[in-house]
1. Kindly provide the set of residues from the range 442-475 that are of a type in the set (Phe, Trp, Tyr) and open to solvent by less than 40 Å² (accessible area, probe 1.4 Å), ordered by number.
2. Of the residues that make up the range 378-399, is at least one open to solvent by 50 Å² or more (accessible area, probe 1.4 Å) and part of a loop (DSSP other than H, G, I, E, B)?
3. For a quick check of your reading: which strands (runs of 3 or more DSSP E) sit entirely within the range 61-161 and have at least 1 residues that are touching a residue at least 60 places away in the same chain (Cβ under 8 Å) and farther than 26 Å from His330 by Cβ?
4. Of everything in the range 407-419 that's assigned to a loop (DSSP other than H, G, I, E, B), open to solvent by 10 Å² or more (accessible area, probe 1.4 Å) and in contact with a helix residue (DSSP H, G or I) (Cβ under 9 Å, 6 or more places away or on another chain), which residue is nearest to Trp493 (Cα to Cα)?
5. For Ala221, only one of the following conditions fails: (1) of a type in the set (Gly, Ala, Ser); (2) in a helix (DSSP H, G or I); (3) more than 17 Å from Ile250 (Cβ to Cβ). What is its number?
6. Just checking, does the range 315-334 include any residue being open to solvent by less than 10 Å² (accessible area, probe 1.4 Å), out of contact with any Lys or Arg (no Cβ under 8 Å at 6 or more places or on another chain) and in contact (Cβ under 8 Å) with a residue 60 or more places away in the chain?
7. Return the residue satisfying two criteria in turn: it lies in the range 521-536 and is assigned to a loop (DSSP other than H, G, I, E, B) and either acidic (Asp, Glu) or modelled with pLDDT under 90 (or both), and of such residues it is farthest from Asp438 (Cα to Cα).
8. Could you check how many residues of the range 184-211 are in a helix (DSSP H, G or I), open to solvent by less than 60 Å² (accessible area, probe 1.4 Å) and out of contact with any strand residue (DSSP E or B) (no Cβ under 6 Å at 6 or more places or on another chain)?
Amino acid sequence: MSSVAYLRKPPSRSVQDGASCLQDVETIEQLHPDFMGEATSTYALIRAGAAKHPEAPALSFFLRSQDFREPHVWSHRDWLAKITQAANLFRELGIQRGDVVAFILPNLPETHWTIWGGEAAGIAFAINPLLEPAMMVELMNAAKPKLLVTLAPTPGTDIWEKASAAAKSVPSLTQVLVTSPLHYLPGAAAPLLKWLTRLKLPKRLGALPVVDFHKRLARSAGDQLRFQPPALDDVASYFCTGGTTGLPKIAVRTHRTEVANTLELSAMFGAAVQGAGKTMFCGLPLFHVNAQIGTGLTPWAAGAHVVLGTPQGYRAPGLLQQFWDMAAHHRFIFFSGVPTVYSALLLNPPKGQDLSALRYGVCGAAPMPVELFKRFEQETGVKILEGYGLTEGGCVSSINPPCGETRIGSIGVRLPWQSMKTVLLDDQGRYVRDAAVDEVGVIVIQGPNLFKGYLNPAHNKGLWIEITESRSQARLWLNTGDLGRMDAEGYFWLTGRKKELIIRGGHNIDPKMIEEAMHQHPAVALAAAVGRPDPHAGEVPTVYVQLRPGIAAESDELMAHAQRTIAERAAWPKQVQVLPTLPTTAIGKIYKPALSLLELESVVRAEASAAHVTLVSCQAEQDPRLGLVVHWRASGDAASLRQGLSAYTFRHQEGGDHDGPVS
């Protein structure tokens, strides 16, 4: 029998506030075997959701944190019309089914119009606006977009400067569309700022026409699509994943990918977050799948309401400080964030606001420290649901059941209609067998929500695993590259990452980006970047280098070099460590697990020093069942050290032996 996860419990329901919420995955599947129904595209999902409650609010947007009580609001009818206008506009500008609309935008209503209108007409391609122009050029030249939608010159942001510089080096582009957040600026200064923006906006970038998105949009029909809508197996979007080095790694996702994962996620939450009056908050960036699918397509497909909080999201001045007031005013039911968001919210805890509507906070992208998890639930009363997902699987693959048991530290159970299990592979990455209960293996997933593959075929090597189960044909499963175990009740637990990505505050950083930059320094012979545990960001990058014989270089010099040559600011290492030799395997490859263990020990020693605690011993190891564990022993009272270590996600054990309980 396959070890595909399910909750081994009798079918059960939990009723809260009159809204039923199923907690048994198999029961959900049995009730809705044909779960995709007539949903043929992401546009069709939005249209069906709008038909449920056409006059109810679909999106509320405020430009500044202090404006949250007076947002701009679109009904579902109006929201669908804007997306339809965008789709028709893109088709009028030459976008056909296989053509790409790239966008470099902050969180704006226009960003959503571009995403879903772009998917209806062609392929939408999200580019992180925090990237440097050289990286933007590399990505766009790989995807070959015809259109670029970006920000007009705007005070306080350099998006136009970077995007316009990049666009000049992308031969496939035929036109640049620009929008401005100043459309939503209240007050007497707004007309002057808009006029200054128009003065700074050129009519052309070289041979490229520059067009006002809003003016051009107004000339397009919003009642219905003026072309054949997409089908499930048409490509919907491109997403950058895993950082970029050399040729970009771009995930190709179909409408089936996004429709299936949206309906899977919606079914897991049930009626608790569906329908008019159910409000979700979006503060994560819209170039990320979590914001697009989890707090975008999913609520709109259910006729619910999204509050889009400023162009900067959680990074906006004053937003986290006013979050609980916003939650009470708009009666949020649900929001999604990374551990750094939850940590920041605890610095500004609720102060008597009516949060009776707020039920769930979803945490993904990076593990949440156990103590932070407990404190947040105790101080706010909000139930945290830790989950797991990846761009290649749509967005979400597993989550702690909203109305079932939450197991702290677990990434939950699989979503309905997608299979997830742990397997053992041989040295060539071939399937050997399913892992036993609580046995660590590679996490693999299979289902209609999987992506098509990477745009560059070279990146697909080792991605798919062929597994033949008893009395069935062979199926292809996606190798997530993550290590984990499944317990007896179908809950999954991550124990490590076979991939080497560094996850900083939910943002994926490819270590090769750092390593290649360091190798450009004349003194560096070898470089290896790993993640250093961090109580706020989850991980921050650190890099170890081995110098060339006879050439000296100090850490400060190497750090300055890294900051000059690494295009992505988030990837700048926090530390550069020089070692006489880097650890290697028997065949001469750099052995990064040894460096990761050094970082763990370094963190414990740093916390001990900060707490004025003397360590007698400190040793990190990779436990085959529990993952990374640090064993330490201190002289005297170590309560302050224990408290400091509770902010981290790695496990630590106090005492001189390895037989005691692990915290």
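The values are calculated or read from the model by the stated rules, or taken from the named source; none is laboratory data. Here the structure is a predicted model, which means the values were calculated and not measured. When we count neighbours, we look across all protein chains shown, and the Cβ atoms used for this are built from the backbone with ideal geometry, even at glycine. When the accessible area is computed, the model is the full protein with side chains, heavy atoms only, and any ligands, DNA or RNA have been set aside. Shrake-Rupley method; radii C 1.70, N 1.55, O 1.52, S 1.80 Å.
1. First pass over the range 442-475, keeping only residues of a type in the set (Phe, Trp, Tyr): 451, 454, 464.
Residues satisfying the conditions are Phe451, Tyr454.
2. First, the residues of the range 378-399 that are open to solvent by 50 Å² or more (accessible area, probe 1.4 Å): 378-379, 381, 383.
So of that shortlist, the ones also part of a loop (DSSP other than H, G, I, E, B) come out as 381.
Looking through the range 378-399, at least one residue is open to solvent by 50 Å² or more (accessible area, probe 1.4 Å) and part of a loop (DSSP other than H, G, I, E, B).
3. Numbers: elements: 72-75, 100-104, 123-126, 147-151.
Here the list reads 100-104, 123-126, 147-151.
4. Filtering first and then ranking leaves Gly409.
5. (2)
6. Yes, there is a match, as at least one residue in the range 315-334 is open to solvent by less than 10 Å² (accessible area, probe 1.4 Å), out of contact with any Lys or Arg (no Cβ under 8 Å at 6 or more places or on another chain) and in contact (Cβ under 8 Å) with a residue 60 or more places away in the chain.
7. Step one: filter the range 521-536 for residues assigned to a loop (DSSP other than H, G, I, E, B), giving 521-523, 535-536.
If we keep only those that are either acidic (Asp, Glu) or modelled with pLDDT under 90 (or both) too, we end up with 535-536.
Numbers: Pro535: 27, His536: 29 Å.
Top of the filtered list is His536.
8. Going through the range 184-211, the residues in a helix (DSSP H, G or I) turn out to be 184, 190-200.
Of the ones still in play, those that are also open to solvent by less than 60 Å² (accessible area, probe 1.4 Å) are 184, 190, 193, 197.
Checking the rest, the ones that are also out of contact with any strand residue (DSSP E or B) (no Cβ under 6 Å at 6 or more places or on another chain) come to 190, 193, 197.
Number satisfying all stated conditions: 3.
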